[in-house]
Every structure is written in structure tokens, then in C-alpha cells.
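Read through the structure below, which is laid out as C-alpha cells, and then see the notes.
The values are calculated or read from the model by the stated rules, or taken from the named source; none is laboratory data. Predicted model only: the values in this text are computed from it and were never measured. Because the Cβ atoms are built from the backbone with ideal geometry, glycine has one as well, and the counts that use them run over all protein chains shown. Remember, those area values only see protein heavy atoms, side chains included, never the ligands or the DNA or RNA. Shrake-Rupley method; radii C 1.70, N 1.55, O 1.52, S 1.80 Å.
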Amino acid sequence: MGQHQLSDHTTLRLGGPAPLWLSHTHDADWPNIARTAAAHAERPFTLGGGSNTLAPDQGTTRPVIHMATRGIRTRHLAGDQVVVTVAAGHPLTDLVAHTVAEGLSGIEYLGGIPGTAGAAPVQNAGAYGQEIGDRLTAVIAHDWTTGRTTRVPAAECRLDYRTSVFKQEPGRWTILSLTLHLTRSAVAAPVTYQHLATALRAPLGSRPPLAEAAAAVLHDRAERGLLLPGTGHDARQAGSCFLNPIVTDDKAAALRCQGAPVYRTPAHSWRASAGWLLEACGYRPGAEVTRGVRCSTQRTLTLTAQAEATAHDFRTALEAMAANVRTVAGVDLHPEPVLV
């Protein structure tokens with residue numbers, strides 16, 4: 001407990017004080033943390049790596065649970081099947097590196113995604129054709145509605161494109177750990193994205209060596225501005241700032257005629273490229289959007305906070321960009337960063 005500034009715990013480095021700060025580092029501490037948080041009038045906000053979080057300038061009166069648990073446990077099943085359980089506070093990139101080093105396939109294309117393992121099911125984190133939901137067996141989560149810690153099977157997590165029951169019911173759940181079903185394999189999943197095929201100098205559909213595939217992901221993400229840099233103009237960011245929007249059949253056809261990338265989802269709806277839509281509105285890498293808020297120097301879809309920026313400025317920039325796309329293209333964009 002004690003006074004913490006949210007700006008010290010978010011990758012945008014924005015946000016005011018959090019007077020009730022509960023740091024969760026050991027499993028045994030959870031009952032005490034849950035009791036303390038439950039006694040407060042407002043539901044807690046769970047904060048992991050802070051890489052997808054927009055915290056308000058005035059701070060928050062809600063309890064903040066800082067998820068800082070670590071640890072990976074592996075259990076071997078029959079044949080080549082392996083169950084991996086990971087603490088929610090464990091960095092996702094470290095989890096991916098560990099599974100690749102152990103020769104386990106299933107999440108090798110998720111390297112370089114910032115944040116914690118516990119945040120991955122909330123967003124159903126995905127890249128290069130893999131999603132965490134593809135390999136999720138269950139999560140252990142605390143339900144603030146019932147006051148109980150419970151096992152939530154993957155089938156009940158309502159996982160979809162960048163969403164889940166945890167995102168759809170904000171404030172209800174705190175994920176404590178997750179269990180994944182991985183496969184012992186010397187080779188990675190088939191390459192389905194051209195960017196990755198190019199990085200690997202391999203054809204689409206090929207199955208490169210596991211470690212080589214994981215390294216190519218990190219290389220490609222770095223080349224395209226998809227890694228969180230430690231320093232420089234682009235250091236203060238929250239990754240992609242808008243989800244790729246669902247569009248109607250007619251809108252998809254119209255956008256395709258303009259040269260826009262549009263793709264079918266597994267649910268047979270159409271999604272357009274948020275980055276392409278922003279560029280169609282005149283936004284470019286490095287461009288200033290509002291005071292102190294710029295597109296990253298490498299990609300339009302990532303917004304960065306400069307020295308003078310406030311959280312209010314950042315939110316204003318998101319609203320202005322979405323409004324422009326609505327006016328020009330008739331498409332609604334939805335911000336990715338979670339508002340505290």
C-alpha cells in the first residue's frame with residue numbers, strides 16, 4: 001500500500017495518483033488483497049504491465065491491484081502434449097521465450113506483444129495467425145461479483161477478436177493465472193502471414209524451426225514498429241491505438257475498390273484495416289495529432305505521448321482520429337487502450 005503515481009506504471013507514462021495501491025507478488029497474499037479491495041466502495045482496477053492502459057491525469061479513487069506475480073509450471077501429458085500454467089503477472093514475451101526454449105509450440109508467434117500473461121486472455125492477444133485463446137484451457141480468476149476465486153474454462157471466456165468476457169464485463173474479474181495446452185514440436189505452426197514469410201525467407205504454409213520462427217517474429221515486429229522501444233520519440237506509447245473495425249458487405253466492397261485491405265473473420269464478418277483508414281484521412285507516421293501527441297515515427301496506428309502530453313490530450317487525439325475516419329470513410333473506430 002502507499003501512494004503511487006499511475007504514470008510510473010503505464011507505458012504511456014501518463015496518469016495521476018492511486019492512493020490505494022495493492023501489489024500482488026505472492027499467491028499466498030491474495031486472500032488479504034482481495035479482502036482489502038472488497039472492503040472499498042469501488043471495484044478495483046487490475047494493472048499488469050500498463051502497456052494498454054490510459055490512466056487519467058487526476059488519478060483514480062479505485063483500489064489498484066498491481067499484478068506482479070511470476071512463475072511458470074509445466075506438466076507433461078501423454079505423447080507430445082504439455083500443460084503450462086503461468087502466473088498472471090509474468091511478462092507474456094518471457095512466457096513465449098520460455099516455451100520456445102522448451103521446444104513447445106502453440107504461442108511462438110506471440111513474442112514481442114507487451115504486457116503480462118494475465119492480460120493476454122482479456123484482449124485475446126494475437127499475432128501472425130495465433131491467438132492466446134487457441135491454446136487456452138482455463139484461467140483462475142477472482143470474481144468481484146460473487147467474492148470468490150474460481151476456475152473459468154476457456155469455453156466460458158467468450159474469446160473473440162481482441163475481446164473476452166473479462167473485457168466485456170469490466171471490473172468484474174481479476175485473472176490470477178492461466179493454463180495453456182501446448183505441443184512438443186521442433187517446428188512452428190504454418191506461416192500464414194506474408195510479413196513473416198518474408199522475414200523468414202520461407203514460403204507461406206511452411207513450418208520453420210521453432211526458435212527461428214520466434215526470432216523472425218521479433219525481427220519483423222521491430223522492423224514495422226511493433227515492439228515497445230525503451231527510448232526515443234516512440235517510447236511512450238500503448239501499441240496499436242484502434243481495433244480493426246467490422247464493416248458491412250457493401251462497405252467492404254467499396255473499401256476494396258479504393259485499394260484498402262479488407263479480410264474475412266472466422267465469424268464471416270468483414271474487418272477493415274484501421275491503419276489504412278487513418279492514412280486515408282491524411283494521418284502519417286510522425287504526424288502531430290494534438291498537442292504533445294504524435295503518430296509513431298514508424299506507423300500511423302500507434303500514438304505516442306511526448307514530454308508535454310497529458311492523458312486528456314491523448315484521449316482528445318483518439319477522439320479526433322476516430323471522428324475523422326467516421327466523417328471521411330463512414331466507419332467507426334474503437335480505441336484499444338483501456339481507460340482506468
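Quick notes on this structure:
- Only protein heavy atoms count here; on that basis, with a 1.4 Å probe, E169 has an accessible area of about 50 Å².
- Expressed as a whole percent, the accessible surface of region 95-171 that belongs to carbon and sulfur atoms is 50, based on a 1.4 Å probe.
- The HN-Hα couplings worked out from phi for region 124-129 by the Karplus form 6.51 cos²θ - 1.76 cosθ + 1.60 (θ = phi - 60°) are 6, 3, x, 6, 6, x Hz, whole numbers, x standing for Gly and Pro.
- A 1.4 Å probe run over the protein chains yields, for region 234-340, 46 Å² of accessible area per residue, whole-number rounding.
- The share of accessible area on region 262-312 that comes from carbon and sulfur is 51 percent, using a 1.4 angstrom probe.
- Taking 7 Å steps out from each Cα toward its Cβ at H312 and D80 produces label points 5.7 nm apart.
- Protein accessible area in region 19-63, 1.4 Å probe - carbon and sulfur %: 53
- For the chain, the mean residue ellipticity at 222 nm estimated from helices alone is -7000 deg cm²/dmol, where every DSSP H run of n ≥ 4 contributes -39500 (n - 2.57) and the total is divided by all residues, rounded to the nearest 500.
- List R224, R73, R158, ordered by accessible area with a 1.4 Å probe, largest first: R73, R158, R224
- Extension gain, D250 back to C281 (0.36 nm per residue minus Cα-Cα distance, nm): 9.2 nm
- Cα gyration tensor category, rounded, prolate or oblate, for region 206-313 with a/c compared to 1.5: oblate
- Share of Cα-Cα pairs in region 74-138 lying beyond 14 Å, as whole percent: 54
- Rounded to the nearest 10 square angstrom, L339 shows an accessible area of 80 square angstrom against a 1.4 Å probe.
- In the full protein context, region 12-54 carries 45 Å² of accessible surface per residue, based on a 1.4 Å probe and ignoring ligands, DNA and RNA.
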